[in-house]
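A.B. asks: Can you read through this structure? Questions will come right after.
Please treat every number below as a calculation from the coordinates, not as lab data. Here the structure is a predicted model, which means the values were calculated and not measured. Here the Cβ is made from the backbone with ideal geometry for all residues, glycine too, and neighbour counts use every protein chain on show.
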């Protein structure tokens, strides 16, 4: 695995959402790159995301998952626009009834550290409604 | 935003103007007994016959990829079709062009360049796909890996229907389109498919109620709003205007094109309800001097109702936010009051033949301008057709403008 993937995933395992930051021009890149798309520097480091953002779109996958995800169905995939001005795809924690009806687009969500830190957790960022107990 | 647009170096009437002179197609659906190479051979012969040509007229063979098998795809790259068509020691070149669903547009750009520059005289473009007969689970997984970054998104369980779900949800919010509006798009496409003997669903009607009663696959997409993977194939022949004239062949020229690559991964698309279509349209119309009002017919990539609706709006063929409602209203259906769209039934009703879904729309556009669609699907007085391609994670939006070539 390449270095930035390993470091990004290592962050998730430790309950941190990392955003790549260029050491030269200080701009943020998501997803992480091998060279800064703004200044082409290969000196790239990390900034810790505040973990807060806005729910841009989500969908609940119920049927025909990729192989290996069958037991996780249904699951919600979301694009979150982080307050830092970058965005990423992640998962949404379900409401108590196992569904996602409580979520609404363009409302605040926050990174859930528990989503990626558990035993065998997938290296993907999880989000919940801002202020909900799951966060 | 500055536009990387220049006029074409070629104008109507130039001897080296690249033109379409024939198309061939086989029926879409599930045909497990149909051989891949047989399908390619059939579309080749049909396209050549349509162009009043024989294999010996071809100097370059260009292949569009098949996604059902990398093994079989390798046959294409290694020139199997040259040998199948008896062109050993005759064909100058054989190669593949691939940009996923928008290959339909990019292959025409590539072939046009070959012909207008003189690197090729007459080019046969071939596509066949075996998705409908392939192992569904294997295909779903393959499609969940292709175009989805392994490092950042694959571990989420994202698949192609979920990409469609994300786009559809955002589009519904921004346009105020209802579930009925989007289901209505599928129904409108089916009306064209019912007139197309090559469509997967030529003989099945569809209602909004049926769509909304089908299982939820990836909210808000129901099963009947997801494209059905199909076997199918398309071929076409392009040559120079001078060659078409010498043979007295009716022809269709390329009046311009435009496009944009807006992202790679869906998680990095900043405007899901617009994608790249406005930029692509601006560039296309800038190059051609046409406007949306000059279009007689549109063939627009429709893997999902929202994908087509967003494109139709960005292209200026519907008012902002009104794409789904326009198509659902029947205006673009047979006998409708607006410009006809996706007259083969589109991917959603003719069948999603992989990279060929867009190619089938392209072939239908050429066929309509040539006046060779089956009655009553043939639309009267079609001179100018817009072809719009995208696919994968909807990373690009590509547009071609085709027009009937003069025969003076």
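A.B. asks: For chain B, set up a GNM with springs between Cα atoms under 10 Å and report which of B:289, B:165, B:371 has the largest fluctuation.
C.D. replies: B:289
A.B. asks: Taking 30 Å as R0, compute the FRET efficiency from the Cβ-Cβ separation of residue A:72 and residue B:320 and round it to 0.05.
C.D. replies: Given R0 = 30 Å and the Cβ-Cβ separation, E is 0.20.
A.B. asks: Let me ask something else. Distances over 20 Å make up what percent of all Cα-Cα pairs in the stretch B:86-221?
C.D. replies: 68 percent
A.B. asks: Determine which residues of the stretch B:25-43 fall in the zone a paramagnetic label at residue B:372 would reach in this model, i.e. backbone nitrogen under 19 Å from the point 7 Å along Cα→Cβ.
C.D. replies: Of the residues in the stretch B:25-43, B:25-28, B:39-43 have backbone N under 19 Å from the label point off residue B:372.
A.B. asks: Any idea what angle helix B:305-314 forms with the longest principal axis of chain B, computed on alpha-carbon atoms, 0 to 90 degrees, nearest 10?
C.D. replies: Helix B:305-314 sits at roughly 70 degrees to that axis.
A.B. asks: Spin-label point model (7 Å from Cα, Cβ direction): what's the residue B:210 to residue A:113 distance in nm?
C.D. replies: For residue B:210 paired with residue A:113, the spin-label model returns 5.3 nm.
A.B. asks: I need the shape label for the stretch A:3-48. Rule: rounded when a/c is under 1.5, else prolate if a/b > b/c, else oblate, with a, b, c from the alpha carbon gyration tensor.
C.D. replies: prolate
A.B. asks: Nearest-5 percent of antiparallel DSSP beta bridges in the protein assembly as shown?
C.D. replies: 80 percent
A.B. asks: Among A:97, B:294, B:59, which comes first, then next, by fewest other beta-carbon atoms within 10 Å?
C.D. replies: A:97, B:294, B:59
A.B. asks: A further question on this structure: Taking 8 Å as the Cα distance limit and 6 or more residues as the minimum spacing, I'd like the relative contact order of chain A as a percentage.
C.D. replies: Working: 266 pairs, mean separation 30.3, N = 135.
With pairs under 8 Å counted, the relative contact order is 22 percent.
A.B. asks: If you take each beta carbon of peptide B:144-157 and count the beta carbons of other chains within 10 angstrom, what is the mean? Each step should come with its number before you reach the end.
C.D. replies: Working: counts 6, 2, 0, 0, 2, 3, 2, 10, 12, 6, 4, 10, 16, 14.
Taking the mean over all residues of the peptide, I get 6.
A.B. asks: Also, I was wondering about something else. Write down the Kirkwood hydrodynamic radius of the stretch B:362-408, to one decimal in angstroms, obtained as one divided by the mean of 1/r over all alpha carbon pairs.
C.D. replies: Here the Kirkwood hydrodynamic radius works out to 12.0 Å.
A.B. asks: For the stretch B:1-70, just the Cα atoms, rotate onto the principal axes and tell me the three extents in Å, largest first.
C.D. replies: Principal-axis extents of the Cα atoms in the stretch B:1-70, largest first: 49, 37, 20 Å.
A.B. asks: Now a separate question. Once every DSSP H run of n ≥ 4 in chain B is given -39500 (n - 2.57) and the sum is divided by its residues, what mean residue ellipticity at 222 nm do you get, rounded to the nearest 500 deg cm²/dmol?
C.D. replies: Computed ellipticity for chain B at 222 nm equals -10500 deg cm²/dmol.
A.B. asks: Which percent, nearest 5, of DSSP beta bridges in chain B are antiparallel?
C.D. replies: DSSP beta bridges in chain B are roughly 70 percent antiparallel.
A.B. asks: Enter the Cα centre distance for the pair the stretch B:293-354 and the stretch B:93-134, rounded to the nearest angstrom.
C.D. replies: Each part's Cα centre sits 24 Å from the other's.
A.B. asks: Post the alpha-carbon centroid distance, the stretch B:257-292 to the stretch B:1-39, in whole angstrom.
C.D. replies: Cα centres, the stretch B:257-292 to the stretch B:1-39: 20 Å.
A.B. asks: Follow-up question, since we're still on this one. Distance from the Cα centre of the stretch B:170-193 to that of the stretch A:90-135, in angstrom?
C.D. replies: 30 Å
A.B. asks: What percent do you get for the relative contact order of chain B when only Cα pairs under 8 Å and 6+ apart count?
C.D. replies: 26 percent
A.B. asks: Could you tell me whether the stretch B:291-372 comes out rounded, prolate or oblate from its Cα gyration tensor? Rule is a ≥ b ≥ c as square roots of the eigenvalues, rounded for a/c under 1.5, then prolate if a/b exceeds b/c, otherwise oblate.
C.D. replies: oblate
A.B. asks: Right, another one. At q = 0.09, 0.11, 0.13 Å⁻¹, what log₁₀ I(q)/I(0) does chain B have when each alpha carbon counts as one equal point scatterer in the Debye sum?
C.D. replies: For the requested q values the scattering log ratios are -0.48, -0.73, -1.05.
A.B. asks: With each label point set 7 Å from Cα along the Cα-Cβ vector, what nm distance links residue B:136 and residue A:24?
C.D. replies: 5.1 nm
A.B. asks: If a/c stays under 1.5 just call it rounded; otherwise compare a/b with b/c (prolate if a/b is bigger, oblate if not). Do that for the protein assembly as shown, with a ≥ b ≥ c from the square roots of the Cα gyration tensor eigenvalues.
C.D. replies: Prolate, since a/c reaches 1.5 and a/b exceeds b/c.
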